[in-house]
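Take a look at the structure set out below.
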Amino acid sequence: MSSTAYDCCLTPGEVDLATLKAIYHGNVKLRLNDEARQRVSAARQTVETILDSGEVVYGINTGFGKLAQTTIPADHLAELQRNLILSHSVGLGDLLPDNVVRLVMATKIISLGRGHSGIRLELIDALITLYNAGIMPCIPEKGSVGASGDLAPLAHLSLMLLGEGQVRVEGELVPALQALASVGLAPFEPAPKEGLALLNGTQVSTALALRGLFEAENVFAAGLIAGAFSLEAIKGSVKPFDARIHQARGQQGQIAVAAAVSTLLNGSEILSSHLHCGRVQDPYSIRCVPQVMGACLDNLHYAARILQIEANAASDNPLVFTDTGEVISGGNFHAEPVAFAADIIALAVAEIGAISERRLALLLDSGLSGLPPFLVQNGGVNSGFMIAQVTAAALASENKSLAHPGSVDSLPTSANQEDHVSMATYAARRLGAMCFNTAAVVGIEAMAAAQGMEFHRPLQSSPLMEPLFGEIRSRVAFLDKDRLLAPDIDAMRLWASRSDWPEAVSQLLPSHPKGEV
């Protein structure tokens, strides 16, 4: 946990995207507000009352899934909850990174804090203590179908509370029992309802989708700036960014993107140098940036709204309602909303990369760009950016396959009791690879556009864009002749993955306080 971490009082149901993004970046210490703590205690009392009455209620004193009709004797209830966690810890694959695990833990705390799960307050307090100490459960990335919740990965989270398995502290694997002791905690014996409350829920899918959203915001911003650089490099026209065009259509993302690009380029000497050149139209990848990137922005905003709701949701089962003393079984664990949101983000990420790759190809085509072939002098001896564009094409094409909707797939589980599932966990997880690919594509475009702008020197870009040009040059040098470009491409991928962008662009993003489009 960062030394600059600030205190965050969670109000379940009201946690915003900016807070979730801060949690993702690791500079937040958590606590639960008093009203939520009271709701949690009241729900637990409802469960205790049911247990005392001898009433048979699913999830409290019955089996689970296909075994829901099986009543469990009182002297086996604790064993039932422990066995549930152990038997469901069947994930495999690479461990989720700490930034995602922080979101998993935080959203689980928020969900339990809604006061519908019927667990003891001390269990939530233990999760908060472990989170604030930087003790991260080891959660394998594979093994969930997104209904009934993220069972396997959340079981691996829950192992930590039992003192089973390993956890990660500052990147090192440590026995869970040792980690619990380091913060003054003993292993928990889960009480009735608690194992099920921990395992049911959409927190892993939601955390992965939030990571995808935050990384998609970064590549969107980078793509907008790279596109503006490319427009300058080919001495394109800014007339298609006239606000009247976009107001006539009325699409809000399109209007916002056109305004942002106009702001970025205001005062560009390069563009002022050819105001009367007679250029009529640019290719779509330049001219239709507002229409394409605006649609991507609208998609990101829609997905962000869904994910913010889900991050605040009570998504386990059954749910406790203290006003009537009822425990009602439903299906809030079904992660279909998260799967759809992840699929929508995937479409946006793929398109950001697709249009960027087309602008890169345009820059290299001297017949269209007016620049030296492949952006290098003495072509033939030098290949310039020729094969860098091949890499970009390969990544953009790979994203087309990865963009296939995860939500359209389903395989039944639990002897057909769980006969339709969301596949949200995969849908969200694949966003990481897609954002990596698109960041590389956009980074290559920005590097190539900066190269193209060098041929217009001493003319300068705009006051907003020239410092960004300088940032690129601080990472990669002008290509005067062929050299090893792989390190430059990776440096530019990291440039495109950053989160600190000019206000003209960052204010468009869903996680920005002003991010309403």
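The values are calculated or read from the model by the stated rules, or taken from the named source; none is laboratory data. What you are looking at is a predicted structure, and each value in this text was computed from that prediction instead of being measured. Cβ sites come from the backbone with ideal geometry, for glycine too, and all protein chains shown count toward neighbours. Heads up: the accessible areas ignore ligands, DNA and RNA and are worked out on the full protein's heavy atoms, side chains in. Shrake-Rupley method; radii C 1.70, N 1.55, O 1.52, S 1.80 Å.
Expressed as a whole percent, the accessible area of segment 213-345 that falls on carbon and sulfur atoms is 54 (1.4 Å probe). For a label point 7 angstrom out from the Cα of L92 toward its Cβ, which stretches of segment 184-215 have the backbone nitrogen within less than 20 Å? Under cut-off, by backbone N: nothing.
Computed over protein heavy atoms with a 1.4 Å probe, the accessible surface of segment 401-517 works out to 42 Å² per residue. The alpha carbon gyration tensor of segment 192-261 gives principal lengths a ≥ b ≥ c with a/c of 1.5 or higher and a/b no greater than b/c, which makes the shape oblate. Of all aspartates and glutamates in the structure, the ones whose alpha carbon falls short of 16 Å from that of K108, not counting any fewer than 8 places away in one chain, are E14, D16, D98, E122, D125, D150, E194, E310, D316.
With the charge dipole of the chain set up from +1 on Lys and Arg Cβ and -1 on Asp and Glu Cβ about the Cα centre, the Cα lying farthest toward the positive end among the listed residues L121, T19, T413 is that of T19. Packing-based ranking of 434-440, 92-98, 463-469 yields 434-440, 463-469, 92-98, ordered from highest to lowest mean Cβ neighbour count within 10 Å. In the context of the full set of protein chains, residues of segment 56-178 present 36 Å² of accessible surface per residue (probe radius 1.4 Å, heavy atoms only).
Of the solvent-accessible surface of segment 411-462, computed with a 1.4 Å probe and all protein chains present, 58% belongs to carbon and sulfur. Ranking I489, C9, S111 by how far each Cα lies toward the positive end of the dipole of the chain (charges on Cβ) leaves I489 at the top.
Evaluated with a Cβ-only charge set (Lys, Arg +1; Asp, Glu -1), segment 188-245 carries a dipole of roughly 340 debye about its Cα centre, given to the nearest 20. Within the chain, antiparallel bridges make up roughly 70 percent of the DSSP beta bridges whose residues both belong there.
Treating r as the C-beta distance of F455 and A248 and R0 as 30 Å, the FRET efficiency rounds to 0.25. Determine the shape class of segment 146-209: with a ≥ b ≥ c the square roots of the Cα gyration tensor eigenvalues, call it rounded for a/c under 1.5, and otherwise prolate if a/b is greater than b/c, oblate otherwise. Verdict is oblate for segment 146-209. Peptides 208-215, 78-85 ranked from most to least packed give 208-215, 78-85, packing being the mean of other C-beta atoms within 10 angstrom over each peptide's residues. Rolling a 1.4 Å probe over the heavy atoms of the protein chains gives segment 219-274 an accessible area of 36 Å² per residue.
Going by accessible surface with a 1.4 Å probe and the largest first, Y6, Y284, Y24 read Y284, Y6, Y24. Cross-link check: pairs K21/K239; K21/K235; K235/K481; K21/K142 evaluated at a Cα-Cα cut-off of 31 Å; pairs beyond the cut-off: K21/K239; K21/K235. Ranked by the mean number of other Cβ atoms within 10 Å of their residues, highest first, the peptides 416-422, 368-374 come out as 368-374, 416-422. When only Cα pairs below 8 angstrom with a gap of at least 6 residues are kept, the chain shows a relative contact order of 18 percent. Of the DSSP H helices in the chain, those with a Cα length along their own long axis of 30 Å or more and a mean Kyte-Doolittle hydropathy reaching 0.0 comprise 203-233, 289-311, 336-364, 424-454.
Database remark: amide H of E418 closer than 5 angstrom to the amide H of T413 (H placed geometrically; neighbours at sequence offset of 5 or more, or on other chains; Pro and chain starts carry no H).
Using a cutoff of 8 angstrom between alpha carbon atoms and counting only pairs six or more residues apart, the relative contact order for segment 197-351 works out to 36 percent. The local environment of R430, defined by Cβ-Cβ distances under 13 Å, has a net charge of -1 under the rule Lys, Arg +1 and Asp, Glu -1. Would you kindly derive the ³J(HN,Hα) couplings of segment 187-192 from the backbone phi angles with the Karplus curve 6.51 cos²θ - 1.76 cosθ + 1.60 (θ = phi - 60°), listing them in order in whole Hz, with x for Gly and Pro? Going residue by residue, I get x, 8, 9, x, 7, x Hz, with x marking Gly and Pro. When +1 charges are put on Lys and Arg Cβ atoms and -1 charges on Asp and Glu Cβ atoms, the dipole computed for the chain relative to its Cα centre reaches about 1260 debye. Considered as an equivalent ellipsoid built on the Cα gyration tensor, segment 67-164 has semi-axes of 23, 18, 13 Å, the largest given first. Just name one of Q81, N33, V47: the one whose Cα is farthest towards the positive end of the charge dipole of segment 26-83 (beta-carbon charges, Lys/Arg +1, Asp/Glu -1). Going by the Cα projections, it comes out as N33. Near G223: Cβ cut-off under 14 Å, other residues only, Lys/Arg at +1 and Asp/Glu at -1. The net charge is -1. Only the Cβ atoms of Lys and Arg (+1) and of Asp and Glu (-1) were treated as charged; on that basis the dipole of segment 136-255 about its Cα centre amounts to roughly 680 debye.
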